[in-house]
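J.: Pasting a structure here, questions to come.
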Amino acid sequence: MALYQFPSHRPRRMRHQDFSRRMMRESYLHTSNLIYPVFLLDGQNQRQAIPSMPGIERLSLDLLFPVAEECLTLGIPVLALFPVIAPTLKTPNGQEALNPSGLIPTAVAALKTRFPELGILTDIALDPYTSHGQDGLLNGSGDILNDETVSMLTAQALIQAQAGVDIVAPSDMMDGRIAAIRIALEQEKMTHTRIMAYAAKYASNFYGPFRDAVGSASALGKSNKMSYQMDPANSDEALREVALDMAEGADMVMVKPGMPYLDVLQRIKQTFLYPTYVYQVSGEYSMLKAAAINGWLDHDKTIMETLLAFRRAGADGILTYFALEAARLLHRDRP
Ligand code: PBG
């Protein structure tokens, strides 16, 4: 590195004024990079706070319409729906996931009718619907059954695709589910339905507040998801998972959680050059909010820094509970 020597090189020179900082800026955040996850309640005029996610509420469909409209106005391309299923509808095999008139298919159809230009993404997984809170079917000894679960997920994806969803996002980490869903979509001639694979999803403790939000935390109890979600120690394995999901027909791949896994995100983007997304999960949101509420961090500046960091690491887009706030800030600063 003898080429770069002080004082002929003074890196601070380019940082001296805003114009020259802007000249050499490598990454940008745009509203098109944001995906907004929301929690959907049954009924009318229903609004519930989620104590572990300050600022985020569960909303019924009618109250979600203005949110969808604001996403369109701000330029957020996609809304991601997560259902809050009534405990009485939860069963060991999560049958309610296959109800064509259930909460999610109904909401998808209504949103696509009102806001056809807004992209809608739905999660393909059984955990909001199962009484045990796992993403899959269990056998007598408590093992998660892979292939039987994949059949359920395929049926769930088809029902949501028939309701008009733009993107299905299998978040369960069963083996072979992307191929099964892709083949079923092709058979039904639903060639436009995109698949965003939760390709490298880790068995993370950062999902805690999400499980409060959808009500799977109490169902799950002391059990965990380590027999299907990835070991936080691994990174080569994430590349193999992504390779499989791409080969099976995923249009987009995702890494989850976000901030503690930026290295995985960067490797995936650099290795495959594929549309790559990251999920800044509930626990990351809650940590940042808690610190900001206590006055320990500057809320707006810190969240924008985290989102820019995802872009620098290679994310094409970010699922984040900060999407609305971030988009409003982007408009305020660059109208
Ligand atoms: C369910 C699912 C989870 C998340 C998204 N889809 C939780 C889990 O796997 O237990 C987590 C999202 C978040 O924490 O924000 N399959």
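J.: Considering each of Pro209, Pro232 in turn, give the residue that is part of a loop (DSSP other than H, G, I, E, B), in contact (Cβ under 8 Å) with a residue 12 or more places away in the chain and out of contact with any His (no Cβ under 7 Å at 6 or more places or on another chain).
T.: Just a single option satisfies the conditions, and that option is Pro232.
J.: If you don't mind, another one. Please specify each residue of the range 190-205 satisfying the condition of being of a type outside the set (Val, Ile, Thr) and in a strand (DSSP E or B).
T.: Arg194, Met196, Ala197, Tyr198, Ala199, Ala200, Lys201, Tyr202
J.: Spot the failing condition for Arg240; the list is (1) closer than 30 Å to Leu118 by Cα; (2) open to solvent by 40 Å² or more (accessible area, probe 1.4 Å), and only one is missed.
T.: That leaves (1) as the condition not met.
J.: Moving to a separate point now. Looking at Leu307, Leu324, which one is under 25 Å from Thr122 (Cα atoms) and touching a Ser or Thr at 6+ places or on another chain (Cβ under 8 Å)?
T.: Leu307
J.: Could you count how many residues in the range 294-335 are under 28 Å from Ala197 (Cβ atoms), open to solvent by less than 50 Å² (accessible area, probe 1.4 Å) and in a helix (DSSP H, G or I)?
T.: 12
J.: List, please: which pairs have Cβ atoms under 7 Å, are six or more places apart or on different chains, and start with a residue in the range 52-80 that is more than 16 Å from Lys112 (Cα to Cα) and end with one that is part of a helix (DSSP H, G or I) and polar (S, T, N, Q)?
T.: Final answer for the pair search is Ser52/Ser286; Met53/Ser282; Met53/Ser286; Leu74/Thr31; Gly75/Thr31; Gly75/Ser32.
J.: Let me ask something else about it. Considering only the range 284-304, state which residues are among the acidic types (Asp, Glu) and out of contact with any Gly (no Cβ under 7 Å at 6 or more places or on another chain).
T.: Hits for the range 284-304 are Asp298, Asp300.
J.: I'm told Leu185 meets every condition in (1) outside any loop (DSSP other than H, G, I, E, B); (2) farther than 28 Å from Met226 by Cα; (3) within 16 Å of the ligand (Cβ to nearest atom) except one. Can you identify the failing condition by its number?
T.: (3)
J.: Condition first: more than 16 Å from the ligand (Cβ to nearest atom), hydrophobic (A, V, I, L, M, F, W, C) and surrounded by fewer than 19 Cβ atoms within 10 Å (Cβ to Cβ). Now tell me which residues in the range 263-288 satisfy that.
T.: Phe272, Leu273
J.: OK, next. With the requirement that a residue be part of a helix (DSSP H, G or I), open to solvent by 10 Å² or more (accessible area, probe 1.4 Å), farther than 18 Å from Gln44 by Cβ and not polar (S, T, N, Q), what does the range 70-98 give you?
T.: Correct list: Glu70, Leu72, Leu74, Pro87, Glu96, Leu98.
J.: Still on this model: Kindly list, by first and then second residue, each pair from a residue in the range 99-120 that is in a helix (DSSP H, G or I) to a residue that is small (Gly, Ala, Ser) and open to solvent by 10 Å² or more (accessible area, probe 1.4 Å), limited to pairs with Cβ atoms under 6 Å and residues at least 6 apart or on different chains.
T.: From the range 99-120, the pairs are Pro105/Ala163; Val108/Ala163; Val108/Gly164; Ala109/Ala163; Ala109/Gly164; Lys112/Gly164.
The values are calculated or read from the model by the stated rules, or taken from the named source; none is laboratory data. This one's a predicted model, so the numbers in the text were calculated from it and none came from an experiment. Reconstructed Cβ throughout: ideal geometry from the backbone, glycine too, with neighbour counts over all protein chains shown. Heads up: the accessible areas ignore ligands, DNA and RNA and are worked out on the full protein's heavy atoms, side chains in. Shrake-Rupley method; radii C 1.70, N 1.55, O 1.52, S 1.80 Å.
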